[in-house]
Amino acid sequence: MGTPDRSAILRALGRATADALREAVIRLPPDVKRALVCAAAAETNPVAQGEFHNIVRNIEQAETLGVPLCQDTGVPVVYLTIPPDVPLTTDLYDAVAEGVRLATKEVPLRPNVVDALTRHNSNDNTGAGMPAIHVMPGRKFSVTVLPKGAGAENVSRIAMLLPSQVEQIERFLVETVLLAEGRPCPPIVLGVGIGGTFDGAAALAKEALLLPIDEMTAFEQQLCDAVNRLGIGPMGLGGDTTALSVKVKFAACHTASLPVAVNVQCWACRRATVEVER
Amino acid sequence: MTVQLHTPLGDEVLALHAGDHVELSGMVYTARDEAHLRMQKEGIPFDAEGAAVYHCGPVIHNNRVIAAGPTTSARMNMLTKFLLDRGVRAVIGKGGMGEAVREQLCGRGVYLAFTGGCAALAASHMTLRGVFFEDLGMAEAVWILELDHLPLVVGIDAQGNDIFESVRARANKEFGRYSKVQGLSDK
């Protein structure tokens, strides 16, 4: 094997990013579809049944026509897996941003990214710190994207609970969903980060949304059942399923801290992973 | 039972009940925040009598509707009365509207909910027929869309029944079983 051509790797990374974005905004992952079909079959509220019917038909329609499921194609959140032989340098970040620009034109994605204060739209879904890129070491060179819509992101919350308030974690989650009502487009998925630091808990909450949602631990199931007792239902119209799933990631934390972050995700739990060809 | 509705709408909307499934056909007009403000200032560019207004910022490409899901209606809570006063009979969106709009709808019209995120499904029931205020940009312009049996549910009826409000009341009651948290801020 000769010296890898760096520019070819960067081009391939951009291509993989664009391909992952296209896949994510058009086709839902199998675990998410399974969770939706399961919840639809179990639903007893006739209004909610109608909402599920529309959701399932919308998923089919988007796949058939090759168009985005939802007009809010989100902001690009990217998880890069870097193998030992690929040096982590800033040009990898530039290549991912190029992939985002490519997808914005090709798919097309709605240009959602603006300057935080002036609100000026870059029209290519990139900007300062955007795409949000997280790097993890691994065996394969791959790009995972999690396009994040605003409706659900805007009702996400974090709490610095007291160490004596472990029992209040459930209350905080349920309160988050109560305050959100129909705004995050339920049935939602909750990514929860418990422990770590203030920022770390939020990062864990988002990473939790990468986990398969059609399996839950006993703790996750308990939280999910508590949320569903609210009866908010699909789109806030009432029903048995407010949350499809709750996924939790943990980190150790300071003996005086208990950070809890909840990242709310709409029913369109979009994510896709594409391996970088080289 | 699904009720068939066609624009222009009339007194048939008064007989609808919150929770009824309906299919709407005929012309509707999209409007978000900016379009409402413009219409308040410059007048409504379409015949408002019996009209239906859709809270939506669609993706239009080559004169075709690509994606046209609903946006959050509550943002238009304070901007809806003038439309109903001029004869608009149905407001379409997601998430419901406030108490003021619920009262304004009484004896006049209905709020119809369409499933959030279902942009591809919505587009498959629509044909683009024209546009007003195109200078507001794609998301904020008033697009004239012809609907073909768009599946909706009555969220707020003309008798003051509001599904969102009853769901909210039930959820608040359920949440009441958690005790009030004693935090640092309570000392």
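Output the antiparallel fraction of DSSP beta bridges having both residues in the protein assembly as shown, as a percent to the nearest 5.
Numbers: 43 of 72 bridges.
The antiparallel proportion sits near 60 percent.
FRET efficiency for B:CYS106 and A:ARG57, Cβ-Cβ distance as r, R0 = 45 Å, nearest 0.05?
The calculated FRET efficiency here is 0.85.
In Å², nearest 100, what accessible area do chains B and A bury in total when the solvent probe is 1.4 Å?
Looking at B and A, the buried total is near 3300 Å².
Above 35 Å lies some portion of the pair distances; for the protein assembly as shown, what is it as a whole percent of all C-alpha pairs?
Above the 35 Å cut-off, the protein assembly as shown has 33 percent of its Cα pairs.
Near A:VAL75, within a Cβ-to-Cβ distance under 15 Å, what is the net charge of the other residues, with Lys and Arg +1 and Asp and Glu -1? Provide the component values of the computation, followed by the final result.
Details: positive: A:ARG101, A:ARG110, A:ARG119, A:LYS148, A:LYS206, A:ARG270, A:ARG271; negative: A:ASP72, A:ASP115, A:ASP124, A:GLU153.
Result for the local shell: +3.
Mean separation of Cα pairs under 8 Å and 6+ residues apart, divided by the residue count of chain A: what relative contact order is that in percent?
27 percent
Just flag the chymotrypsin sites (Phe, Trp or Tyr not before Pro) in segment B:94-182 sitting in loop per DSSP whose Cβ has no more than 16 other Cβ atoms within 10 Å.
B:TYR178
Please work through the protein assembly as shown and write down the cysteines that have no neighbouring cysteine Cβ at a distance under 4.7 Å.
Cys with no partner Cβ under 4.7 Å: A:CYS38, A:CYS70, A:CYS224, A:CYS253, A:CYS269, B:CYS56, B:CYS106, B:CYS118.
Could you compute Rg(Cα) / (2.2 N^0.38 Å) for segment B:129-181, with N its residue count? List each step's numbers first, then the result.
Values: Rg = 19.6 Å, N = 53, 2.2 N^0.38 = 9.9 Å.
In units of the globular-protein estimate, segment B:129-181 measures up at 1.97.
Would you tally the net charge around A:PRO234, using a Cβ to Cβ cut-off of less than 10 Å, leaving A:PRO234 out, and scoring K and R as +1, D and E as -1?
Here the charged neighbours net out to -3.
What does the extension gain come out to for A:LEU117 and A:THR89, with contour length at 0.36 nm per residue minus their alpha carbon separation?
Values: separation 28, 0.36 × 28 = 10.08 nm, distance 2.92 nm.
Full-extension gain reported as 7.2 nm.
Treating only the Cβ atoms of Lys and Arg (+1) and Asp and Glu (-1) as charged, compute the dipole magnitude of segment A:1-135 about its Cα centre; round to the nearest 20 debye. Please list the in-between numbers first.
On the way: 12 positive and 16 negative charges, 29 e Å.
That gives segment A:1-135 a dipole magnitude of about 140 debye.
Any idea what the relative contact order of segment B:1-108 is, in percent, if you count C-alpha pairs under 8 Å spaced at least 6 apart?
The value is 26 percent.
Enumerate the lysines that A:LYS247 could reach by cross-link, defined here as Cα to Cα under 29 Å, with residues fewer than 8 away along the same chain left out.
Correct list for A:LYS247: A:LYS33, A:LYS140, A:LYS148, A:LYS206, B:LYS94, B:LYS173, B:LYS180.
Can you pull the percent of Cα pairs in segment B:2-162 with separation above 23 Å?
That tail contains 28 percent of the Cα-Cα pairs.
The values are calculated or read from the model by the stated rules, or taken from the named source; none is laboratory data. None of these values were measured; they are calculated from a predicted model. A quick note on method: Cβ atoms are made from the backbone with ideal geometry, for glycine too, and the neighbour counts reach across all protein chains shown. SASA here: full protein model, heavy atoms, side chains in, ligands and nucleic acids out. Shrake-Rupley method; radii C 1.70, N 1.55, O 1.52, S 1.80 Å.
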